[in-house]
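S.K.: The structure's right below; bear with me while I get my questions together.
The values are calculated or read from the model by the stated rules, or taken from the named source; none is laboratory data. For clarity, every value in this text was computed on a predicted model and none was experimentally measured. Cβ placement follows ideal geometry from the backbone for every residue including glycine, while neighbour counts extend to all protein chains displayed. To get the accessible areas, we keep the full protein, side chains included, count just its heavy atoms, and leave off ligands, DNA and RNA. Shrake-Rupley method; radii C 1.70, N 1.55, O 1.52, S 1.80 Å.
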Amino acid sequence: MKTFERYGSAVVISGPSGVGKSTLVGNVRKILPDLSFSVSCTTRSPRAGEVDGREYYFLTPEEFEEKVRRGEFLEYAGVFSRRYGTLKSEVLSRVEAGEQVLLDIDVQGAKQIRAAAETSPELARSVHFILIAPPSLEILESRLRGRGSESEEQLALRLGTARSELANYRLYDYVVVNDDLEQATADLAAVLRSFRLLTGTLRQEIFR
Ligand code: ADP
Ligand code: 5GP
């Protein structure tokens, strides 16, 4: 084993729908090409351009329930009247293998992972939480409308949830404000890099 061999990390990224999480993560992957990404399961339908197994595993409600029953999820939640969940197989073995894995999940999922970390020292050592915030709720609305992917009903649901999601900011270690995209990308990359350097990630004591 090399002296500075490290464990990886699981990084939870949350933020209201339309704040720019997918855009930021896409940008950061160009700066940190070795980033790994947890592909979630969802019962919502794919948007134009979304590919099964790339953005999400698109499941029927029955398929989703079967995975719940088998205990395959690290966390799962009902979000915007659909179900979303993170598979253990997308995260745990990769963190153990030294990879940094991003989880784009909502506040309910972040709370479940925080709770799990309280009883698991391995998880506590390797999980971090970042909130992406909009410069204002008005700008959030214009981004979500500008994306043009949601019905009026989904828009109202997503904007109605935004304020309470942001009120949970104390759950998170860092808040990155996505105002200027370039600045927010640089901030997110800096935070992710800093997690890789934490002493807690070292696999063994050094220079003994
Ligand atoms: P999320 O994944 O959080 O739901 P998206 O990444 O889909 O959000 O972004 C929502 C919309 O806002 C997209 O149309 C995207 O191009 C746009 N957007 C993202 N970041 C910015 C930014 N910093 N400035 C202006 N528009 C942005
Ligand atoms: P969208 O439908 O816009 O892709 O995502 C809607 C919301 O679901 C976002 O807030 C996103 O973070 C959240 N989400 C995506 N995957 C998961 C997941 O696996 N678990 C949880 N709890 N939330 C998720």
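S.K.: I need a count of the residues in region 130-176 that are open to solvent by less than 70 Å² (accessible area, probe 1.4 Å), within 24 Å of Ser38 (Cβ to Cβ) and outside any helix (DSSP H, G or I).
M.R.: Of the residues in that region, 10 qualify.
S.K.: Looking only at region 1-16, count how many residues are open to solvent by 10 Å² or more (accessible area, probe 1.4 Å) and not β-branched (Val, Ile, Thr). Walk me through how you get there before you give the answer.
M.R.: Taking region 1-16 first, the residues open to solvent by 10 Å² or more (accessible area, probe 1.4 Å) are 1-7, 15.
When the remaining residues are screened for being not β-branched (Val, Ile, Thr), the result is 1-2, 4-7, 15.
Qualifying residue count for the region: 7.
S.K.: Let me ask another. Give the residues of region 19-40 that are in a loop (DSSP other than H, G, I, E, B), within 24 Å of Arg143 (Cα to Cα) and open to solvent by 10 Å² or more (accessible area, probe 1.4 Å), sorted by residue number.
M.R.: Within region 19-40, Gly20, Val39 meet the criteria.
S.K.: Okay, moving on. Does any residue of region 70-82 turn out to be under 23 Å from Tyr174 (Cα atoms), surrounded by 15 or more Cβ atoms within 10 Å (Cβ to Cβ), of a type outside the set (A, V, I, L, M) and touching a Phe, Trp or Tyr at 6+ places or on another chain (Cβ under 7 Å)?
M.R.: The answer is yes; a qualifying residue exists.
S.K.: So which pairs qualify, if the first residue must be in region 16-36 and free of Cβ contacts under 8 Å to residues at least 40 places away in the same chain, the second must be open to solvent by less than 30 Å² (accessible area, probe 1.4 Å) and assigned to a helix (DSSP H, G or I), the Cβ gap must be under 9 Å, and the two must be at least 6 apart or on different chains?
M.R.: So the pair list comes out as Lys30/Thr185.
S.K.: What number of residues within region 102-118 are within 12 Å of ligand 2 (Cβ to nearest atom) and of a type in the set (A, V, I, L, M, F, W, C)?
M.R.: Qualifying residue count, region 102-118: 6.
S.K.: Here's a follow-up. On the given criteria, is Val127 open to solvent by less than 30 Å² (accessible area, probe 1.4 Å), touching a helix residue (DSSP H, G or I) at 6+ places or on another chain (Cβ under 7 Å), of a type in the set (Val, Ile, Thr) and modelled with pLDDT of 95 or more? First the steps, then the outcome.
M.R.: Numbers: open to solvent by less than 30 Å² (accessible area, probe 1.4 Å): yes; touching a helix residue (DSSP H, G or I) at 6+ places or on another chain (Cβ under 7 Å): yes; of a type in the set (Val, Ile, Thr): yes; modelled with pLDDT of 95 or more: yes.
Taking the combined requirement at face value, the residue satisfies it.
S.K.: Which fully enclosed helices (runs of 4 or more DSSP H) of region 41-129 have 3 or more residues being free of Cβ contacts under 8 Å to residues at least 40 places away in the same chain, farther than 30 Å from Gln204 by Cα and away from ligand 1 (no atom under 16 Å from the Cβ)? Please lay out each step first, then the result.
M.R.: Values: elements: 61-69, 88-96, 107-118, 121-126.
The helices (runs of 4 or more DSSP H) meeting that bar are 61-69.
S.K.: Looking only at region 94-106, decide whether some residue is among the β-branched types (Val, Ile, Thr), farther than 16 Å from Ser149 by Cβ and at pLDDT below 95. Don't jump to the end; show me each part of the working.
M.R.: The first filter runs over region 94-106 and keeps only residues among the β-branched types (Val, Ile, Thr), leaving 95, 101, 105.
Imposing the further condition that a residue be farther than 16 Å from Ser149 by Cβ reduces the set to 95, 101, 105.
Going one step further and asking which of them are at pLDDT below 95, we end up with 95.
Checking region 94-106: at least one residue is among the β-branched types (Val, Ile, Thr), farther than 16 Å from Ser149 by Cβ and at pLDDT below 95.
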